[in-house]
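Engineer: Got a structure for you, written out below as structure tokens; questions coming shortly.
Quick note: the coordinates plus some simple rules give every number you see, no bench work behind them. None of these values were measured; they are calculated from a predicted model. A quick note on method: Cβ atoms are made from the backbone with ideal geometry, for glycine too, and the neighbour counts reach across all protein chains shown.
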Amino acid sequence: MAVAYTGSTFIPPLLGFIASHSTIGIFPFCIAVFVAAMLLSSEKLNTLLTKNDLLTRKDKSSKAF
């Protein structure tokens, strides 16, 4: 949540600053970059959680009763 609040605080002024020195036409590219970053981050998190879950299941299933 802290990262989301930080991004929502700093990205609009940063985009405005960059657009004031160039053009607002960079907005779609910024959106595409942020969507790609969110997609990659969520997929990386899913991979890590799945790997962790598989390791936890393997450890539990290897115990002899």
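Engineer: Put +1 on the Cβ of every Lys and Arg and -1 on every Asp and Glu Cβ in the chain; which of M38, G16, T50 then has its Cα farthest towards the positive end of the dipole?
Structural biologist: T50
Engineer: Kindly provide the helix-only [θ] at 222 nm of the chain, computed as the sum of -39,500 (n - 2.57) over DSSP H runs of four or more divided by all residues, to the nearest 500 deg cm²/dmol? Mind dumping the intermediate values first?
Structural biologist: Values: 2 runs with 55 residues, N = 65.
Helix-only estimate at 222 nm: -30500 deg cm²/dmol.
Engineer: Now for a different question. Using only Cα atoms, find the angle between the long axis of helix 2-21 and the longest principal axis of the chain, and express it within 0 to 90 degrees, rounded to the nearest 10.
Structural biologist: Tilt relative to the chain: about 30 degrees.
Engineer: Between L40 and V3, what length comes free when the chain is fully extended (0.36 nm per residue of separation minus the Cα-Cα distance, one decimal in nm)? List each step's numbers first, then the result.
Structural biologist: Values: separation 37, 0.36 × 37 = 13.32 nm, distance 1.55 nm.
Result for the pair: 11.8 nm of gain on full extension.
Engineer: With angles folded into 0 to 90 degrees, how steeply does helix 27-61 sit against the dominant principal axis of the chain? Use alpha carbons for both and round to 10.
Structural biologist: Compared with the principal axis, the helix lies near 10 degrees.
Engineer: Sticking with this structure for a sec: With charges set only on the Cβ (+1 for Lys and Arg, -1 for Asp and Glu), what does the dipole of the chain come to about its Cα centre, in debye to the nearest 20?
Structural biologist: Values: 6 positive and 3 negative charges, 89 e Å.
Charge dipole, the chain, about its Cα centre: 420 debye, nearest 20.
Engineer: Using Cα centres only, tell me the gap between the range 39-54 and the range 8-33 in whole Å.
Structural biologist: If you average the Cα positions of each part, the centres end up 29 Å apart.
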